[in-house]
Amino acid sequence: MAEIKLPAMSPTMEEGTLAKWLVAEGDIVKPGDVIAEIETDKATMELEVDDGGTVAKLHVPAGSEGVKVGALIATILGEGETAAPPAAAVAERPAPEAPLMPSAVEARPEAPAAPAPTSPVVEPEATGPTKRQTVREALRDAMAEEMRTTPEVFVMGEEVAEYQGAYKVTQGLLEEFGATRVVDTPITEYGFAGLGAGAAMGGLKPIVEFMTFNFAMQAIDHIINSAAKTNYMSGGQMRCPIVFRGPNGAASRVAAQHSQNFGPWYASVPGLIVIAPYSAADAKGLLKSAIRSPDPVVFLENELLYGQTFDVPEGEATVPIGKARVVREGKHVTLVSYSIGVGVALDAATQLAAEGIEAEVVDLRTLRPLDTATVLASLKKTNRMVVVEEGWPVCSISSEIIAVAMEQGFDDLDAPVLRVTNVDVPLPYAANLEKLALVKVEDVVAAVKKVNYR
Amino acid sequence: MLLIRRFEERAGQLYGMGMIGGFCHLYIGQEAVVVGMQAALKRTDSVITGYRDHGHMLAAGIPANAVMAELTGRAAGISKGKGGSMHMFSVEHGFYGGHGIVAAQVPLGTGLAFAHKYKGDGGLSVTYFGDGASNQGQVYESFNMAELWKLPAIFVIENNQYAMGTSVNRSSSEDQLYRRGESFRVPGLQVDGMDVLAVRGAAAAAVEWVRAGKGPLLLEMKTYRYRGHSMSDPAKYRSREEVAAMREKSDPIEHAKREILEAGFADEAALKAIDKEVRDIVVTAADFAEAAPEPAPAELHTDVLVGTY
Ligand SMILES: Cc1ncc(C[n+]2csc(CCOP(=O)(O)OP(=O)(O)O)c2C)c(N)n1
Ligand SMILES: [Mg+2]
């Protein structure tokens with residue numbers, strides 16, 4: 001015997017109108033036959049039966065409005081069955097309770113609390129032997145070192161192999177590792193980002209280079225929907241250990257479509273790690289950590305930094321993901337930045353020092369997870385903060401830092417936190433306009449004076 | 001096939017009772033495709049598909065209880081209740097999802113093939129997608145790379161003739177979908193996807209081709225879904241007669257049943273016994289999925305990242 005109850009025919013349906021019965025009591029029905037028309041809030045739908053048999057009873061007359069989902073509407077008897085006692089057949093089953101909608105507060109168990117701010121950790125300059133190296137070389141070395149030890153690691157992207165990289169970051173890798181592990185792709189960002197994510201799900205450790213992150217817009221679906229969400233959606237059984245890397249942010253005179261900082265976009269996505277280093281040592285140490293990470297990583301480089309030279313530790317050295325670094329100590333104000341903005345902040349700090357203002361500079365290095373503890377510890381010390389970002393101001397990393405300072409560091413603030421960013425326009429081509437649009441040292445200096453009421 | 005049919009009918013009922021939420025896409029009518037394909041695969045092969053995935057999971061040998069409990073959003077579900085109908089995975093069974101973005105599984109499946117070739121493990125990937133999905137650009141980006149690199153990939157278009165309410169003819173300038181690989185030199189075959197033996201035969205030929213290192217192959221399965229696109233589809237874009245005619249003349253289960261009886265592989269009584277066994281599995285799965293507890297609130301925060309940073 002089949003008891004037909006009014007089904008929910010859409011995710012939101014709670015009741016419906018039984019517009020019309022297409023069968024009468026005593027009719028024989030086959031699997032798949034339509035027995036009724038139901039009007040929902042959205043449409044008129046046909047109700048099919050799964051099992052065949054004889055229509056024993058129609059419990060709700062045609063034209064009934066407000067029939068609750070789950071209410072018994074018909075009884076169908078299979079071959080050779082007899083009617084159940086009438087009382088049982090007509091007994092109205094209670095409609096299943098509507099899905100409980102817990103209040104917003106209940107629905108959100110406390111997120112793990114951020115560690116309480118302690119005193120800022122100033123990472124010591126690397127103590128061992130160092131060598132002078134460009135960011136470009138440091139990135140290449142990071143990949144080569146990891147490829148030597150881990151056969152699952154391979155690099156793919158446009159022009160990464162024979163051309164040696166559009167920005168020469170993969171220089172020499174083809175010679176050392178061969179075409180199986182250094183793979184030139186067609187111009188097919190959506191395709192190779194998805195292929196890379198699939199290869200990661202299949203057990204490899206791909207490094208996918210985007211010629212620049214501007215072109216990753218065509219691939220962002222795979223970065224977010226395929227790579228970032230899979231571990232969660234699979235209850236932790238399907239990993240996607242992949243690194244998406246390439247230059248991000250403004251280069252020089254390449255105008256609006258080729259000049260954008262996607263840090264805030266990716267940093268808003270749970271399930272991703274987002275890294276944006278400044279120095280060559282961090283570029284190398286963090287890329288090595290990114291390749292070893294079991295999680296999907298978006299690794300944002302900067303074309304203007306590729307040629308800059310820094311001290312890089314000799315030999316094996318990784319840098320932990322999720323740890324900011326105090327790159328200059330000071331007591332009057334904290335400048336928070338990442339990627340190329342750190343250089344702007346450091347230049348501003350030098351100028352400010354000449355005027356007697358000691359700025360502490362915090363390099364976030366990782367944008368997700370954000371090291372709020374280091375930021376708050378520095379704020380506790382200086383009581384004033386300016387965020388410096390080569391990117392747009394709206395919904396930016398600056399916005400996030402300001403929110404964190406207000407939510408968790410309010411009592412430490414002696415002035416509002418200010419942000420110094422690019423101007424809120426697409427990046428123009430003309431040299432003078434481009435200069436006007438990008439984040440500037442003098443604006444940082446002015447903002448610092450403002451929060452120091454000078 | 002029968003297990004899939006009964007499972008899906010039951011899922012449809014549970015949806016009607018409000019036990020299953022969100023989007024729920026049933027596979028009723030298409031069973032022969034996945035059953036015939038799976039018969040030609042080895043355990044080391046990988047399978048990936050879209051959101052119409054319950055049948056693919058059952059065919060891969062994933063327990064009905066774990067699938068049904070995922071549909072009802074329970075901790076015992078295959079994704080701990082965090083994925084739901086459209087997002088289920090079982091690496092252990094070589095099943096890589098369960099993807100909700102139309103055609104996203106195609107480059108992902110191509111990547112699985114890339115991994116098989118890179119590791120040299122002799123495996124291949126089977127990527128299922130719909131007639132509607134076959135109009136996405138990333139499908140052709142995948143065909144290009146798969147052929148260029150001779151990847152061990154079988155692409156299966158499940159042409160059930162509709163993408164939601166849009167028929168193939170209203171969406172595709174080339175409606176013979178098996179020809180869609182031609183400009184990439186990916187050979188294609190058109191197969192009667194309502195005939196499980198025809199599917200198995202085509203699958204065996206495709207597997208042989210791909211394992212021989214000849215590169216990818218495209219199979220277009222002509223099939224049909226009896227139910228709406230998802231549970232909230234009023235199906236006004238096709239006639240009742242069209243659906244009824246398919247059910248009556250081409251049902252894959254009835255077809256297989258006739259062949260079994262004619263060949264004398266089993267008698268009516270044996271088939272009834274199978275039907276009973278399948279119904280029991282499904283009833284057990286439904287009871288399990290109704291009774292199993294929901295995930296603990298703390299599960300909200302787990303599985304976002306694998307590492308700790
Ligand atoms: C990129 C994207 N666009 C649109 C949708 C909404 N959508 C879900 S299924 C579907 C139809 C797909 O039809 P088809 O590929 O033929 O597969 P079938 O449902 O017939 O199995 C659409 C448009 C989506 N999930 N993803
Ligand atoms: Mg379709």
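Structure notes:
- Out-of-range pairs (alpha-carbon distance over 20 Å; input A:K323/A:K449; B:K80/B:K119; B:K222/B:K249): A:K323/A:K449; B:K80/B:K119
- With the alpha-carbon atoms of segment A:334-404 aligned to their principal axes, the span from lowest to highest coordinate is 33, 25, 19 Å, starting with the largest.
- Prolate/oblate/rounded label for chain A (Cα gyration tensor, a/c 1.5): prolate
- Residues of type lysines that B:K82 reaches as a straight line, Cα spacing below 21 Å, ignoring anything fewer than 8 places off in the same chain: A:K229
- Taking amide H as placed 1.01 Å from N in the peptide plane, A:I73 has its amide H under 5 Å from the amide H of A:I4, A:K5, A:L6, each at least 5 places away in sequence or on another chain.
- Reachable aspartates and glutamates, given that their alpha-carbon falls under 16 Å from the alpha-carbon of A:K42 and they are not under 8 places away in the same chain: A:E14, A:E15, A:E65, B:D233
- Phi angles across segment A:363-371 convert, under the Karplus curve 6.51 cos²θ - 1.76 cosθ + 1.60 with θ = phi - 60°, into 3J(HN,Hα) values of 9, 5, 6, 10, 8, 8, x, 7, 7 Hz, Gly and Pro given as x.
- Working note: 222 nm ellipticity from helices only, DSSP H runs with n ≥ 4, each -39,500 (n - 2.57), summed and divided by the residues of the protein assembly as shown, gives -9500 deg cm²/dmol to the nearest 500.
- Of the residues A:S234, A:G157, A:A251, the one whose Cα sits farthest towards the positive end of the charge dipole of segment A:132-313 is A:S234 (charges of +1 on Lys and Arg Cβ, -1 on Asp and Glu Cβ, taken about the Cα centre).
- Spatial separation of Cα centroids for segment A:352-429 and segment A:186-263, in angstrom: 27 Å
- For A:M45, the residues whose amide H sits under 5 Å from its own are A:I38, A:E39, A:T40, ignoring neighbours fewer than 5 places away on the same chain, with H placed 1.01 Å from N.
- Under the Karplus curve 6.51 cos²θ - 1.76 cosθ + 1.60, θ = phi - 60°, whole-Hz ³J(HN,Hα) for segment A:10-27, x wherever Gly or Pro sits: 7, x, 10, 5, 10, 8, x, 9, 7, 5, 7, 8, 9, 10, 10, 4, x, 5
- Mean-position separation - Cα centroids, segment A:297-315 and segment B:1-30, in angstrom: 53 Å
- Under the shape rule built on the C-alpha gyration tensor, where the axes satisfy a ≥ b ≥ c, segment A:132-313 is rounded, since a/c falls short of 1.5.
- In order along segment A:436-444, the Karplus-derived 3J(HN,Hα) couplings, from 6.51 cos²θ - 1.76 cosθ + 1.60 at θ = phi - 60°, round to 5, 7, 7, 4, 10, 4, 5, 5, 5 Hz, and Gly and Pro are given as x.
- Restricting segment B:113-179 to trypsin sites (Lys or Arg not before Pro) in coil, as DSSP defines it, with at most 16 other Cβ within 10 Å: B:K150
- Projecting the Cα atoms of A:I28, A:L367, A:H332 onto the charge dipole of chain A, computed from C-beta unit charges around the Cα centre, puts A:H332 farthest toward the positive end.
- Dipole orientation for chain B: of the candidates B:A204, B:G22, B:V186, B:V186 has the Cα lying most toward the positive pole (charges on Cβ; Lys, Arg +1; Asp, Glu -1).
- Looking at the protein assembly as shown, the DSSP beta bridges with both ends there are about 40 percent antiparallel.
- Of the trypsin sites (Lys or Arg not before Pro) in segment A:252-307, those whose Cβ has at most 16 other Cβ within 10 Å and which sit in DSSP loop: A:R253
- Dipole magnitude (debye, nearest 20) for the protein assembly as shown, charges at Cβ of Lys, Arg, Asp, Glu: 1320 debye
- Rounded, prolate or oblate (a/c below 1.5 giving rounded, otherwise prolate when a/b exceeds b/c) for segment B:162-309 by Cα gyration tensor: rounded
- Rg then Dmax, both in Å and based on the Cα atoms of segment B:46-122: 12.6, 39.
- The charge dipole of segment A:17-86, taken about its Cα centre with unit charges on the Cβ atoms of Lys, Arg (+1), Asp and Glu (-1) only, comes to about 200 debye.
- Scanning residues 5 or more positions from B:G97 or on other chains, those with amide H under 5 Å from its amide H are B:T49, B:S90, with H placed 1.01 Å from N in the peptide plane.
- Spin-label pair B:A244-A:D311: with each label point 7 Å from Cα along the Cα-Cβ axis, the two points sit 8.6 nm from one another.
- Rounded to 5, percent antiparallel among DSSP beta bridges of segment B:2-297: 10 percent
- Space enclosed by the convex hull of the alpha-carbon atoms of segment B:2-297, per residue, Å³: 128 Å³
- DSSP bridge orientation in segment A:132-313 - percent antiparallel, rounded to nearest 5: 15 percent
- Evaluated at q = 0.05, 0.08, 0.09 Å⁻¹: base-10 log I(q)/I(0), Debye formula over Cα of the protein assembly as shown: -0.32, -0.75, -0.89
All of the numbers you see were taken from the coordinates with simple rules; none came from a lab. Here the structure is a predicted model, which is why all the values come from computation and not from measurement. Don't worry about glycine lacking a Cβ; one is built from the backbone with ideal geometry, like all the others, and counts go over all protein chains shown.
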